[in-house]
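A.B. asks: A single structure is presented below for examination.
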Amino acid sequence: MPNHLISEASPYLLQHANNPVDWYPWGKQAINKSKSENKPIFLSIGYAACHWCHVMAHESFEDVETAAFMNEHFINIKVDREERPDLDAIYMQATVALTGSGGWPMSVFLTPELKPFYAGTYFPPVARYNMPSFKDVLAGIARTWQEQQGEAARVGDEVSNHLQQALSVNVQSDSAFTQEHLDAAAKSLLDNYDWGNGGWGSAPKFPQPMTVEFLLRRAVRESENWENSLILKSSLHALQAMSRGGMYDVVGGGFSRYSTDNFWRVPHFEKMLYDNALLARAYLHAWQITGDPFFKRIVAETLDFIAREMTHPNGGFYSSLDADSEHEEGKFYVWTLDEIRAVLKTDSDFFEAAYGITARGNWEGKTVLQRALDDASLAARFKLDTSTSLSASSQTVPSKLADCHARLLSARAKRVRPGTDDKVLTSWNGLMLATIAEAARTVNETELQITYALLATRNADFLLSRLRPNGKLKHSWRGEKTTGEVFLEDYAALILGLLELYQTDFNDRWFSAAKELADEMIEQFNDPAGGFFDTSKHGEALLLRPKDTQDNATPSGNALACEALLKLAAFTDEGKYRDLAEKSLGLVVGMAVRYPTAFARWLSAADFALGKVKQVAIVEETGGEEASELIRVARSAYRPNVIVAASAYPPSNDAPALLRDRPLKNGKSTAYVCEGFVCKNPVTSIAELKELL
């Protein structure tokens, strides 16, 4: 018989709807039952693409004997961390406080008052890995609750007080970012860079797209010799290392969550929307800076993957693809030598050399594809050309590889696919919307411009309709159901996505919606002490009201909100947005310099705040062609501290204030450039605008 999860929308919760465990979703029914029956709560938090969540479910939650004990002694609540990042944040802090580390699946035992008194992550069905069995943990907790309930309550009070004190430390700082702070953060990143393998840290090795983005910003701000700077070299080296294969899917495009080794070779195979949004944007900027078509190809392949495999027919982007298929991690993505030869036939020798493929494989007897030879070496060995020109013959290395990848993709499509978590999250969609919208105005192929613009526009329409029913923004949507919650990250990421889309097609609707959402965000989430709470003041009362400032796999809601307000201030000249942003930045100065990889999105926001932002306003003569040429110049390079507004003259009332009182000069389309509270003379020629930029 199904349990209480059967009516939920989350694919993760529905995966557990037929467990023998009497699961409840988070809510009053389960909490009140815990109080009335005086039973502790077992809170299990995970997500659909989590491999070890599936393992624990199969070993323990599908086991009838284990489930019977859980049902007798506990009220069991299952939470999708992607639907409820607030609960995940609170109880992850508790898990780390109690155990020193955290992860998913997260297993937390709570008093009926929702106070955590014991926690862990994955527990095996029998004692192994120097870990107790899950049954032993359950028995021990049940016995403690029966015999020493007061002790459990005391621990719960201590942990709750600790979490509250940690939150109260997060108050306004008297310091403000300076260029010296940003220089120190960049130096720290260079000092800790892994020049051997690329990236930062050791296995498991996570991509750091926000760190790369910060360094790319710093690189273009340096002297005229910035092309030779170590800052730029480290950024490009990291991007190249990650995209050789392994963590990057060379056959179908897109990035996995992280690498299990130091070499970016064997990934944890789940694919998350947010990783691909953040990484694709970093590669887009690397291409803008260098002109290297390699980076652009990664962008195109990744966005093609998103369009092909992670997009709802009506425009929303799905959350993730599972790591497992047919109950095996990575089975969908790995190859044997015989499979490669059967698909590629006479081209297999070339492909085997390119990827160093052997009969024994490089992971559990199979091969995870990762480039072994570069294009030049392949060209010399197989007497091919290394040209990347679209008009080159099919015997170039890039085109021959592309043909092999396409044939393998076709063969792979016949395999059993990993599960898709097809819920649509506003925050993650906002990140991807920003990436695709920027790509739409940056790439120079008309067909791609049209494709990306349509993808971005349909996504924005989806978010502003399906995820904003009756004008109230929501966090999650699936199957015409929305969750009741909304979080700071939803507002902030969507505002940023809409501002990027506005700068792509200059439709005032997107700017107007962004400004309206920003005012709602301030009203619901602002903390008078500085920064923003993660949950709305209208939201459910929890153990505490979280306010996370650290960037994790996704940017913190506070960092995104700061960035959104800085950009809105530049578009509107409304000081209130700038004031709130500067107050937020003051919260993290010391931590950002000490731990730059954990505050990289903040560092980029600070770079924007400290840099001289160029405000470009372009007014177009009706029917004239000059405006499009002026816009093209404004977009012609990577300029992270430039914002652009454009409109036919006169602009509508919904247009950014930046466009107001900007008449045509001599009846021609005109560009106005302001910087540091000073406006230059308006110009009408391409050459003049290039000089101002």
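The values are calculated or read from the model by the stated rules, or taken from the named source; none is laboratory data. Model, not experiment: these values are computed from the prediction. Quick reminder, even Gly has a Cβ in these numbers, built from the backbone with ideal geometry, and neighbours come from all protein chains shown.
A.B. asks: So which of LEU454, LEU433 ends up being under 9 Å from LEU494 (Cα atoms) and at pLDDT 95 or above?
C.D. replies: The unique qualifying residue is LEU433.
A.B. asks: For SER584, state whether it is in the same structural domain as TYR502 (by TED's automatic domain parsing), within 22 Å of the chain's Cα centre (by Cα), free of Cβ contacts under 8 Å to residues at least 60 places away in the same chain and over 22 Å from GLN288 (Cα atoms).
C.D. replies: So SER584 fits the description; yes.
A.B. asks: Return the total of residues in the stretch 644-658 being among the aliphatic types (A, V, I, L, M), in contact (Cβ under 8 Å) with a residue 40 or more places away in the chain and either outside the structural domain of ARG632 (by TED's automatic domain parsing) or under 18 Å from VAL633 (Cα atoms) (or both).
C.D. replies: Number satisfying all stated conditions: 3.
A.B. asks: I'd like the full set of residues that are within 24 Å of LEU566 (Cα to Cα), in contact with a helix residue (DSSP H, G or I) (Cβ under 9 Å, 6 or more places away or on another chain) and surrounded by fewer than 17 Cβ atoms within 10 Å (Cβ to Cβ), limited to the stretch 649-673.
C.D. replies: Passing the criteria: SER652, ASN653, ASP654, ALA657.
A.B. asks: Among the residues of the stretch 496-509, write down those that are closer than 20 Å to ASN470 by Cβ and in contact with an Asp or Glu (Cβ under 9 Å, 6 or more places away or on another chain).
C.D. replies: ARG509
A.B. asks: Return the residues of the stretch 412-460 that are closer than 29 Å to ASN552 by Cβ and among the acidic types (Asp, Glu); say none if nothing qualifies.
C.D. replies: ASP421, ASP422, GLU438, listed by residue number.
A.B. asks: For the stretch 316-331, give me each residue that is crowded, with 21+ Cβ neighbours inside 10 Å, of a type outside the set (S, T, N, Q) and part of a loop (DSSP other than H, G, I, E, B).
C.D. replies: Within the stretch 316-331, GLY316, TYR318, ASP322, ALA323, GLY330 qualify.
A.B. asks: Being surrounded by fewer than 19 Cβ atoms within 10 Å (Cβ to Cβ) and acidic (Asp, Glu) is the filter here; which residues of the stretch 34-79 pass it?
C.D. replies: Correct list: GLU37, GLU59, GLU62, GLU65, GLU72.
A.B. asks: Let me spell it out: the conditions are (1) in contact with a Phe, Trp or Tyr (Cβ under 9 Å, 6 or more places away or on another chain); (2) part of a loop (DSSP other than H, G, I, E, B); (3) more than 18 Å from GLY103 (Cα to Cα), and ASN18 meets all of them except one. Which number is the exception?
C.D. replies: Answer for ASN18: the failing condition is (1).
A.B. asks: Which of the residues belonging to the stretch 549-565 are of a type outside the set (Ser, Thr, Tyr) and crowded, with 23+ Cβ neighbours inside 10 Å?
C.D. replies: ASP551, PRO555, GLY557, ASN558, ALA559, LEU560, ALA561, CYS562, GLU563, ALA564, LEU565
A.B. asks: Can you go through ALA94, ALA48, ALA119 and tell me which one is among the small types (Gly, Ala, Ser), in contact with a Ser or Thr (Cβ under 7 Å, 6 or more places away or on another chain) and either closer than 28 Å to ASP490 by Cα or in a loop (DSSP other than H, G, I, E, B) (or both)?
C.D. replies: ALA48
A.B. asks: Give just the number: which of (1) within 18 Å of the chain's Cα centre (by Cα); (2) closer than 23 Å to SER604 by Cβ does ASN192 not satisfy?
C.D. replies: (1)
Yes/no per residue for (1) out of contact with any Asp or Glu (no Cβ under 7 Å at 6 or more places or on another chain); (2) part of a loop (DSSP other than H, G, I, E, B); (3) buried (at least 16 other Cβ atoms within 10 Å of the Cβ):
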{"residue": "LEU98", "(1), (2), (3)": "yes, no, yes"}
{"residue": "PHE109", "(1), (2), (3)": "yes, no, yes"}
{"residue": "VAL126", "(1), (2), (3)": "yes, yes, no"}
{"residue": "GLN146", "(1), (2), (3)": "yes, no, no"}
{"residue": "GLY150", "(1), (2), (3)": "yes, no, no"}
{"residue": "GLN165", "(1), (2), (3)": "yes, no, no"}
{"residue": "PHE177", "(1), (2), (3)": "yes, yes, yes"}
{"residue": "TRP195", "(1), (2), (3)": "yes, yes, no"}
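A.B. asks: Grab the helices (runs of 4 or more DSSP H) fully contained in the stretch 378-482, keeping just those with 2 or more residues being touching a residue at least 40 places away in the same chain (Cβ under 8 Å), assigned by TED's automatic domain parsing to the domain that holds ASP349 and more than 18 Å from ASN507 (Cβ to Cβ).
C.D. replies: 397-412
A.B. asks: Could you please let me know if GLU540 is among the charged types (D, E, K, R) and either under 30 Å from GLU688 (Cβ atoms) or without any contact (Cβ under 8 Å) to a residue 60 or more places away in the chain (or both)?
C.D. replies: Yes: the conditions hold for GLU540.
A.B. asks: Looking only at residues that are acidic (Asp, Glu) and touching a helix residue (DSSP H, G or I) at 6+ places or on another chain (Cβ under 9 Å) in the stretch 305-341, which one is nearest to LEU401 (Cα to Cα)?
C.D. replies: Only one residue tops the list, namely GLU339.
A.B. asks: Just give me the residues in the stretch 128-162 being among the aliphatic types (A, V, I, L, M) and out of contact with any helix residue (DSSP H, G or I) (no Cβ under 7 Å at 6 or more places or on another chain), in sequence order. Talk me through it step by step, then tell me what you get.
C.D. replies: The initial filter retains those residues of the stretch 128-162 that are among the aliphatic types (A, V, I, L, M), namely 131, 137-139, 141-142, 152-153, 155, 159.
Scanning the stretch 128-162 gives MET131, VAL137, ALA139, ILE141, ALA153, VAL155.
A.B. asks: Scan (1) outside any helix (DSSP H, G or I); (2) more than 23 Å from LYS135 (Cα to Cα) for the single condition GLY103 breaks and write down its number.
C.D. replies: With (1) outside any helix (DSSP H, G or I); (2) more than 23 Å from LYS135 (Cα to Cα) applied to GLY103, the lone miss is (2).
A.B. asks: Would you point out which residue out of ALA627, ALA646, ALA617, ALA637 is aliphatic (A, V, I, L, M) and exposed (fewer than 15 other Cβ atoms within 10 Å of the Cβ)?
C.D. replies: After ruling out the rest, the residue left standing is ALA637.
A.B. asks: Restricting to the stretch 574-586, name every residue that is over 29 Å from LEU163 (Cα atoms) and either of a type in the set (S, T, N, Q) or part of a loop (DSSP other than H, G, I, E, B) (or both).
C.D. replies: Within the stretch 574-586, just GLU574 meets the criteria.
A.B. asks: Is it true that VAL55 is of a type in the set (Val, Ile, Thr) and in contact (Cβ under 8 Å) with a residue 12 or more places away in the chain?
C.D. replies: Details: of a type in the set (Val, Ile, Thr): yes; in contact (Cβ under 8 Å) with a residue 12 or more places away in the chain: yes.
Answer is yes for this residue.
A.B. asks: In addition: Tally time: how many residues in the stretch 273-315 are touching a Ser or Thr at 6+ places or on another chain (Cβ under 6 Å) and either part of a strand (DSSP E or B) or among the basic types (Lys, Arg) (or both)?
C.D. replies: Looking only at that region, the number is 1.
A.B. asks: In the stretch 341-354, is there at least one residue being over 30 Å from ASP322 (Cβ atoms), aromatic (Phe, Trp, Tyr) and at pLDDT 95 or above?
C.D. replies: yes
To keep it simple, each residue is scored yes or no on (1) of a type outside the set (S, T, N, Q); (2) under 21 Å from ASP275 (Cβ atoms).
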residue: ILE436; (1), (2): yes, yes
residue: THR442; (1), (2): no, yes
residue: THR446; (1), (2): no, no
residue: TYR452; (1), (2): yes, yes
residue: ALA456; (1), (2): yes, yes
residue: ASP461; (1), (2): yes, no
residue: SER465; (1), (2): no, no
residue: ASN470; (1), (2): no, no
residue: LYS474; (1), (2): yes, no
